[in-house]
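The values are calculated or read from the model by the stated rules, or taken from the named source; none is laboratory data. Here the structure is a predicted model, which means the values were calculated and not measured. No Cβ is skipped: glycine too gets one built from the backbone with ideal geometry, and neighbour counts run over all protein chains shown. The accessibility values were calculated without ligands, DNA or RNA, using every heavy atom of the protein model including side chains. Shrake-Rupley method; radii C 1.70, N 1.55, O 1.52, S 1.80 Å.
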Amino acid sequence: MKKMLKMGVISCSGMAEGHMTAIEKNPHAQLVAVCDIDLEKARKTAEKFKVDQVFQDYRELLKMEEIDGVVIVTPDQIHREMALEALRAGKHVLCEKPLALTREDCAAIVKAAEESDRKFMVGQICRYTPGFKKAKMLIERGEIGELTFVESEYAHDYTGIIEPGTWRSDPLRNGVVGGGCHAVDLLRWIAGDPQRITAYSNRKAFPHLEYDDTTIAVMQFPNNVIGKVFVSIGCKREYTMRTVLYGTKGTIIVDNTNPYMLVYKDQFSDSLLEGVRAINAPVKYPISVSNHNTIGEFNEFCEIVLEDKPVVTTALEGAKTIVACTAIVDSAKELRTIEPDYHF
């Protein structure tokens, strides 16, 4: 078994640097090359991370035989092109979310990943957020009983980072697909694939955009669990992904920006507190605040590759999240309920 995973990172953005730091901190990985269309930026990043190999064209990076895998952190519009090229070059791939912006592009990546002997993982970062991981663990342990209702939100003011003509203003890369996919994927991970979706949206914060900036979606999940997702890229408040998970025996309130989550229960299981109700006195679970836990994400990727373990956040998982997201957008546009098709 290979003991050291040699990596290249495509892009030198702030998010890309987060991945570089994760590689740097992993004792079983080494960052050997970086790439960005802005060559000067790439050179400065390479100097910062003490990397010798610098590229402007990602295809040149992929030609490096010593590279085992790459992290793709580029605008979503070109994920398909780069993912397919990387797999053809025999590289393992960690691709930032969203996997792609259209069903067609997702299908192409899913097919290529399934036909390849390389590992392909989608960076659905919320699955590595400490609070969300803890919440899922408590649910699976039966702490709040059977799920009844789930909700999550992606509230992120894009003022100053979204301008006409930029990649974030692309109608395909709308607020639901580009950012709201976090909330959608989180609920998919916890409650399963939503089977029916009805959504409404408006455009008041950014009237110059070609897509709506505020969306609410109501969903029906398996086992008759119901839920909703709220997405706003024009809200005037701090960034949050506040998530509430209701069960027959309790409720969990968790965010990716708070140092604790609240757990309300009908009754404590501790024998010392038998019969004490916690409805109005929640348990405060301390959690680490890491809303972009690239370190945890890359550590799993590294372990998957080096120990030949199965990928959990596969290309298909990433594709299913996009299917649900595009169903939300289409439902709001067409004013109808949509039953998503998750078959690829």
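Within the range 175-204, being part of a helix (DSSP H, G or I) and in contact with a strand residue (DSSP E or B) (Cβ under 7 Å, 6 or more places away or on another chain) holds for Gly175, Val176, His182, Ala183, Val184, Leu186, Leu187, Ile190, Ala191. Right, Ser169: of a type in the set (Ser, Thr, Tyr) and either at pLDDT 95 or above or touching a Ser or Thr at 6+ places or on another chain (Cβ under 8 Å) (or both) or not? When the stated conditions are applied, Ser169 does not pass them. Yes or no: Ile226 surrounded by fewer than 18 Cβ atoms within 10 Å (Cβ to Cβ) and in a strand (DSSP E or B)? Answer is yes for this residue. Tallying residues that are closer than 19 Å to Asp185 by Cβ, open to solvent by 40 Å² or more (accessible area, probe 1.4 Å) and among the charged types (D, E, K, R) within the range 135-151 yields 1.
Comparison of Gly160, Gly145 shows that the only residue that is without any contact (Cβ under 8 Å) to a residue 12 or more places away in the chain and part of a loop (DSSP other than H, G, I, E, B) is Gly160.
Would you check if Lys2 is at pLDDT below 95, on the phi < 0 side of the Ramachandran plot and of a type outside the set (Phe, Trp, Tyr)?
yes
Residues that are open to solvent by 10 Å² or more (accessible area, probe 1.4 Å) and in a loop (DSSP other than H, G, I, E, B) within the range 243-259 comprise Thr248, Lys249, Asp255, Thr257, Asn258, Pro259, listed in sequence order.
Selection within the range 2-14: residues that are surrounded by fewer than 17 Cβ atoms within 10 Å (Cβ to Cβ) and not charged (D, E, K, R). The member of this set that is farthest from the chain's Cα centre (by Cα) is Met4.
Any residue in the range 182-189 that is of a type outside the set (S, T, N, Q), open to solvent by 40 Å² or more (accessible area, probe 1.4 Å), at pLDDT 95 or above and within 25 Å of Pro130 (Cβ to Cβ)? So far as the range 182-189 goes, yes, one or more of its residues are of a type outside the set (S, T, N, Q), open to solvent by 40 Å² or more (accessible area, probe 1.4 Å), at pLDDT 95 or above and within 25 Å of Pro130 (Cβ to Cβ).
For the structure I just gave you, tell me whether Ala332 is closer than 17 Å to Glu104 by Cα, open to solvent by less than 20 Å² (accessible area, probe 1.4 Å) and touching a residue at least 12 places away in the same chain (Cβ under 8 Å). Spelling it out, it is not the case that Ala332 is closer than 17 Å to Glu104 by Cα, open to solvent by less than 20 Å² (accessible area, probe 1.4 Å) and touching a residue at least 12 places away in the same chain (Cβ under 8 Å).
Scanning the range 321-338 for residues that are part of a helix (DSSP H, G or I) and more than 26 Å from Val122 (Cβ to Cβ) yields a single hit, Glu334. His182 meets all of the listed conditions (1) more than 22 Å from Asn293 (Cα to Cα); (2) touching a residue at least 40 places away in the same chain (Cβ under 8 Å); (3) touching a helix residue (DSSP H, G or I) at 6+ places or on another chain (Cβ under 8 Å) but one, namely (1). Here is a list: Glu339, Glu303, Glu307. Which entry is open to solvent by 30 Å² or more (accessible area, probe 1.4 Å) and within 22 Å of Asn174 (Cβ to Cβ)? Answer to the selection: Glu339.
Taking the range 24-132 and the strands (runs of 3 or more DSSP E) fully enclosed by it, the elements with 3 or more residues that are open to solvent by less than 10 Å² (accessible area, probe 1.4 Å) are at 29-35, 69-72, 92-96, 120-123.
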